[in-house]
Amino acid sequence: MLYSEKVMDHFRNPRNVGVIEHADGVGEVGNAKCGDIMKIYLKIDHDTVSDVKFETFGCGSAIASSSMATEMIKGKPLDQVADLTNKAVVEALDGLPAHKLHCSVLAEEAVKAALKDYYNKQGIPYDPKQFPDISCAGCH
Ligand code: FES
């Protein structure tokens, strides 16, 4: 089968869909080639993600990736959130087809954009190296 059961599960029953009003950090990213858009909202208390929601206008893999990414960062301290990689999201989903890897990159980018937004809003200094441009070998 092209997609793992976990991908199908998170696609059919995505976790943490929605909007957080007055979120502490919001990240919106898009992929210019496929046109998909992903938005992540973070609520942060004591340097920990106390709540997270997402909206994704995109393919099934992008929905599954964002759902899994939100599950992976919920309740986690911010330094762990900053370390989230698209590779970890793909592994947690039991894999994605090569031509769908860029969908998981979008999830990593959206989470990091939301975290960066939080740091910027709070005036918290951060190391720009924590937020490198993400590239993905399998992307089209
Ligand atoms: Fe664009 Fe999946 S095809 S994010």
**Report entry** Given (1) in a helix (DSSP H, G or I); (2) touching a Leu at 6+ places or on another chain (Cβ under 7 Å); (3) away from the ligand (no atom under 14 Å from the Cβ), index of the condition V49 fails
**Finding:** (1)
Query - Verdict on S61 being within 16 Å of the ligand (Cβ to nearest atom), under 15 Å from the mean Cα position of the chain (by Cα) and open to solvent by less than 50 Å² (accessible area, probe 1.4 Å) - result: yes
Query raised in the report: Can you tell me which residues in region 7-26 are basic (K, R) and open to solvent by 90 Å² or more (accessible area, probe 1.4 Å)?
Result: R12
Report task. Considering each residue of region 18-37, count those that are of a type in the set (A, V, I, L, M, F, W, C), under 17 Å from S67 (Cβ atoms) and more than 16 Å from the ligand (Cβ to nearest atom), and give that number. Result -> 2
Query raised in the report: Looking at I40, is it of a type in the set (V, I, T), part of a strand (DSSP E or B) and either away from the ligand (no atom under 12 Å from the Cβ) or at pLDDT 95 or above (or both)?
Result: yes
Query raised in the report: Counting only residues that are under 10 Å from L106 (Cβ atoms) and surrounded by fewer than 19 Cβ atoms within 10 Å (Cβ to Cβ), how many does region 27-57 have?
Result: 3
**Report entry** Members of region 89-104 that are without any contact (Cβ under 8 Å) to a residue 40 or more places away in the chain and buried (at least 16 other Cβ atoms within 10 Å of the Cβ)
**Finding:** V89, V90, L101
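The values are calculated or read from the model by the stated rules, or taken from the named source; none is laboratory data. What you are looking at is a predicted structure, and each value in this text was computed from that prediction instead of being measured. A quick note on method: Cβ atoms are made from the backbone with ideal geometry, for glycine too, and the neighbour counts reach across all protein chains shown. Areas reflect the complete protein model, heavy atoms only, side chains present, ligands, DNA and RNA absent. Shrake-Rupley method; radii C 1.70, N 1.55, O 1.52, S 1.80 Å.
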